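Asker: Take this structure first; my questions come after.
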Amino acid sequence: MRKISTPDSFNSLLKERMPNPSLESGRSPETCAEVQASDKALNSRTDARISDLVIATVLTGDATRN
């Protein structure tokens, strides 16, 4: 089973860059796969830096959903 980070256990470099409140109503940024993967990458290496990462999200559909 895959371990999901909770908001309290997120890497501090990543946590300080997340929007508060979330940009998506009803959904915490910490639940996104891109953010989970970034947290895992930062925590897995002692020499990892936030500048080593590029995070992108693609909006699919017709962009009418709020």
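Asker: Report, by residue number, each residue of segment 21-43 that is more than 10 Å from N11 (Cβ to Cβ) and more than 8 Å from the chain's Cα centre (by Cα).
Answerer: Correct list: P21, S22, L23, E24, S25, G26, R27, S28.
Asker: Those residues that are surrounded by fewer than 11 Cβ atoms within 10 Å (Cβ to Cβ), of a type in the set (A, V, I, L, M) and part of a helix (DSSP H, G or I), I need them from segment 15-57; list them, please.
Answerer: Passing the criteria: only A33.
Any read-out appearing in this document is the output of simple, stated calculations on the displayed coordinates, not a laboratory observation. All figures in this text were calculated on a predicted structure; none of them were measured in a lab. Cβ atoms come from the backbone with ideal geometry, glycine included; neighbour counts cover every protein chain shown.
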